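Heads up: the structure comes next, in C-alpha cells.
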Amino acid sequence: MAAKPRRLNLTQKYQLMTRGLDWETTYQSMDDVFPYDKYEGIKIKDWDKWQDPFRLTMDAYWKYQAEKERKLYAILDGFAQNNSQLNISDARYMNAVKIWMQGVTPLEYAAFRGFAMLGRGFRGAGARVACQFQSIDEMRHYQTQMHAFSHYNKYFNGFRQFARIRDRAWYLSIPKSYFEDAVTAGPFELITAISFSFEYVLTNLLFMPFVSGAAYNGDMATTTFGFSAQSDESRHMTLGLEVIKFMLEQDEGNLPIVQQWLDKWFWRGYRLLGLVGTMMDYMLPKKVMSWRQAWEIYWEESGMALFNDLARYGLRPPKYHEVATKEKYRITHEFWCTIYQFSHATALYTWIPTEEELDWFSAEYGELFDTVYRPRYEYWAELDRKGERFFQKRLPVVCNVCQIPIFHTMPDDPLMNCCLVSEYKGTKHQMCSQGCKDIFDHEPEKYCQAYIPPQQIYQGNCGGATLEAYKEWLHIKDEETGEYYGSEDHIMWEGWKAQSGKPADAPA
Amino acid sequence: MPVKFVGDSYDFPCANQVENYGGDINVYVVWDHHLIYCAPNTYRLPPDMKFRDFLEQVFAPDYPQHPDSDKVDWDQGVWQLENEPWEPDLDKSFAENGIAHNSFIRVTTPGLEGMHGVGN
C-alpha cells in the first residue's frame with residue numbers, strides 16, 4: 001500500500017517553491033546569465049545568506065490577493081452605486097486625488113517594471129522571488145488606483161488624460177524623473193532607492209497624509225484601496241530593510257557605495273515629498289496633520305531612530321537631512337505659491353486658503369508664515385477681488401536634478417532663491433540645493449541628459465515657444481486649469497450641495 | 001567619481017547645450033526679494049541683445065503685478081553672475097558683458113525689498 005503523501009510544512013514548501021527551483025548554470029557562466037548585478041561595485045560573497053523577509057509562496061499569494069480584490073471591488077461598486085462622490089468634504093479635495101492620479105499612480109506602474117527587472121536581475125533566488133512578488137503588487141496598485149479613481153473621472157476635471165500629461169507636463173516630470181533616475185541605475189541602487197529610501201524611510205510621509213487624509217475627507221474609494229495595499233506595503237518595507245542589511249553584512253567595501261545612495265535617495269525622496277506635503281497642507285479641506293508635524297514625527301523621531309539603529313553597520317544619517325528639517329517651515333508654502341501661480345499650465349485647480357485655513361497655518365507654522373506667506377496670500381486675494389487673479393506667465397528655471405522649479409530658498413535665508421551652478425562639458429546646469437548639486441556632480445554624465453521642460457519648450461520640442469502652445473501640446477483645456485473658485489468643479493459641487501440642502505462649504 | 005555603466009562607453013551630449021538654440025542663448029534671471037514671483041525666470045535671447053533693452057523691454061514687464069515694478073531703476077541694481085559679485089555695463093550686449101549660454105544673473109535693488117520688506 002502506497003504511503004499517504006506527506007503534507008509539506010510552510011518552510012519546506014517555501015524552500016521547494018523558491019530556492020529549490022534555482023540552480024547554478026553550467027552551459028553558460030553565471031556572470032553571463034546575470035550580467036548586471038556586479039557592475040555597481042556591490043560585492044556579494046554568499047547569496048544564500050539572504051534572509052527572506054517574508055515567506056510567501058505563489059499559491060498563498062494568489063489566495064490572499066484574490067480575497068483582498070473581492071472586498072475592494074465590492075466596496076468600489078457600492079461607492080459608485082451610492083453616488084459617494086457627494087460625501088467628500090469639499091470639491092477642492094478632489095485636487096489631491098488628481099495629483100495622485102497624475103503623479104503617483106504612474107509611479108506604481110514604473111515600479112512594476114522596475115521590480116520585474118530586479119526579479120530577473122539578481123542572481124540570488126530569494127531576492128529574485130521577493131522582487132517578483134513586489135512587481136505584481138505594484139501592477140495591482142496601479143490598477144486598483146485607476147479603478148478607484150475612475151468613478152471621479154465621471155464628474156470631475158483633471159483625470160481624463162493622466163498618461164499623456166504624465167509624460168509631458170512640467171510638474172509631473174518631478175515624480176517621473178525620480179523614478180526614471182532609479183530604474184536607469186543598476187539593480188542594487190534601484191532597490192536601495194525604492195525599497196529602502198522611499199518605502200522604508202519616507203513612506204509614512206506619503207501614506208499618512210494621503211490615506212488618512214482621504215478617510216478624513218470622506219473619500220472611501222481611496223481609503224479602501226489604501227487599506228488593500230497596506231499589507232503589500234509592509235512586505236515592501238521589510239524587503240527594503242533586508243536589502244540594506246544584506247549588502248552591509250556581505251562586504252565592508254559596500255558601505256561607502258550604500259551610504260552615497262542613501263544620501264542621494266534621501267534627498268531626491270525628500271524633494272519629491274514636498275509635492276505630497278503641499279497636497280496635505282493645502283488640498284485637504286479637513287486637515288490630518290501639517291507637513292511640519294509629520295516631518296517631526298516621521299523623520300526627526302522615527303527616521304533618526306532608524307539611523308541610530310543602523311549606526312552599527314557604519315551608516316550615518318543622510319547628508320543634508322538638517323537642511324530638510326530647516327525647510328519644514330517653508331517648503332509646502334513655497335510649493336503651493338508655485339503651483340498657484342502656474343496652475344494655468346496644470347490639470348489642477350488652485351486657490352487662496354480660507355481665513356480659517358490661514359489661521360490653522362499660523363498656528364502650525366508660526367512666525368515665518370505670518371510674516372512672509374500670509375501677507376503674500378492676502379495680496380493675491382486682493383488682486384483676485386479686483387479681477388486680476390495672479391498668474392506667472394514666464395517659464396521658471398528648473399532644477400537639473402529634482403526637476404522642480406527653483407522656488408526653493410537658501411537654507412538660512414527664506415527670502416532668497418537658492419540657485420547653484422555646475423559646469424559639465426562646457427554647459428552650465430542649475431540646481432536648487434546643495435543636495436541636488438552633489439547628485440549632479442557625482443554623475444554629471446547622467447544628469448546632463450535630463451529633459452528639463454522649460455529648456456525643451458524653448459528648444460521647440462513641446463509644441464511651440466509660448467505657454468499657450470505648450471498647453472495645447474499638453475492637451476490641457478482652459479476649463480480644467482487655474483483658479484478653483486468659479487471652475488467647473490466648483491460650480492458642479494455648489495449645484496449638488498444646493499440640491500441636498502446643505503451649504504456648499506459645509507463638511508458633508 | 002564618474003558614473004558606472006555597462007558596455008564600452010557612456011558618452012552623451014548635454015540636453016541643454018547651446019547648439020540646440022540656433023544661435024540664441026538661454027539666460028536665467030531673478031529679481032531678488034520679489035518672491036510673489038516664485039522662481040528665477042528663463043529666457044531664450046540673441047546674445048547681441050543690449051542688456052538694458054532686455055531689462056526694460058523683456059524682464060521688467062515680467063513683474064506686472066508687483067507694486068515695485070514701476071519704481072525700479074536698473075542702474076541702481078546690485079548684480080551677481082553665477083552667484084559672484086559682478087558689474088555689468090547695461091548698455092552693452094549680453095555677449096560683451098560675458099553672459100554666456102545658461103548664465104544665472106541675480107539682481108537686488110536696494111530700497112526695493114518687496115512688499116512689507118519681507119521679500120514678497
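The values are calculated or read from the model by the stated rules, or taken from the named source; none is laboratory data. Model, not experiment: these values are computed from the prediction. Ideal geometry is used to build each Cβ from the backbone, glycine not excepted, and the neighbour counts take in all protein chains shown. These area figures cover heavy atoms from the full protein model, side chains too; ligands, DNA and RNA do not enter into them. Shrake-Rupley method; radii C 1.70, N 1.55, O 1.52, S 1.80 Å.
Side notes on the structure shown:
- Ordered by 1.4 Å accessible area with all protein chains kept, A:LYS63, A:LYS68 run largest first as A:LYS63, A:LYS68.
- DSSP beta bridge pairing in the protein assembly as shown, given as percent antiparallel to the nearest 5: 75 percent
- Ranking A:LEU16, A:LEU284 from most to least accessible surface, computed with a 1.4 Å probe over the protein chains only, gives A:LEU16, A:LEU284.
- Degrees, to the nearest 10: A:374-385 long Cα axis against longest axis of chain A: 50 degrees
- Neighbour cut-off at most 14 other Cβ (10 Å), DSSP loop, GluC sites (Glu not before Pro), the stretch A:23-127: A:GLU24
- With protein chains left intact and a 1.4 Å probe, residues in the stretch A:121-228 average 26 Å² of accessible area per residue.
- Helical runs assigned H by DSSP (4 residues or longer) give the protein assembly as shown a calculated mean residue ellipticity at 222 nm of -13000 deg cm²/dmol, each run adding -39500 (n - 2.57) before division by the residue total.
- Average beta carbon contacts from partner chains per residue of A:423-431, 10 Å cutoff: 5
- Relative contact order of the stretch B:25-117, taken over Cα pairs closer than 8 Å and 6 or more residues apart, is 45 percent.
- Take every DSSP beta bridge whose two residues both sit in the stretch B:25-117; close to 75 percent of them are antiparallel.
- Structure note, pairs A:LYS98/A:LYS328; A:LYS245/A:LYS319; A:LYS477/A:LYS497; A:LYS43/A:LYS319; A:LYS176/B:LYS71: Cα-Cα distances above 31 angstrom occur for A:LYS176/B:LYS71.
- Gyration tensor (alpha-carbon) shape descriptor, the stretch A:293-431, a/c threshold 1.5: oblate
- Here the accessible area of the protein assembly as shown is 53 percent carbon and sulfur, with a 1.4 angstrom probe and all protein chains present.
- Solvent-accessible heavy-atom area per residue, rounded to whole Å², over the stretch B:25-117 at 1.4 Å: 40 Å²
- Rounded to the nearest 10 degrees, the angle from helix A:173-183 to the longest Cα principal axis of chain A is 10 degrees.
- Between 0 and 90°, nearest 10: helix A:331-342 axis offset from chain A longest Cα axis: 60 degrees
- Scoring A:25-38, A:397-410, A:296-309 by mean Cβ neighbours within 10 Å over their residues and listing the highest first yields A:397-410, A:296-309, A:25-38.
- Solvent-accessible area of A:ASP370 with every protein chain in place, 1.4 Å probe, in Å² to the nearest 10: 70 Å²
- Straight-line cross-link reach from A:LYS4 at under 25 Å between alpha-carbon atoms covers these lysines, not counting any fewer than eight positions away in the same chain: A:LYS13.
- Remark on the stretch A:371-400: accessible area falls by at least 40 square angstrom from chain-alone to full-complex state for A:ARG376, A:TYR379, A:PHE390, A:GLN392, A:ARG394, A:VAL397, probe 1.4 angstrom.
- For the stretch A:135-238, GluC sites (Glu not before Pro) are listed when DSSP marks them as loop and at most 11 other Cβ atoms sit within 10 Å of their Cβ; the list is empty.
- Working note: Debye formula, equal point scatterers on the alpha-carbon atoms of the stretch B:25-117, no solvent; log10 I(q)/I(0) at q = 0.17, 0.20, 0.26 Å⁻¹ is -0.68, -0.97, -1.66.
- Rounded if a/c under 1.5, otherwise prolate or oblate - the protein assembly as shown, Cα gyration tensor axes: oblate
- Net charge dipole, the stretch B:25-117: roughly 260 debye, given to the nearest 20, about the Cα centre with Cβ charges of +1 for Lys and Arg and -1 for Asp and Glu.
- Peptide B:19-28 - average C-beta neighbours from other chains (10 Å radius): 3
- Buried accessible surface for the A/B pair, both sides summed and rounded to the nearest 100, is 4400 Å² with a 1.4 Å probe.
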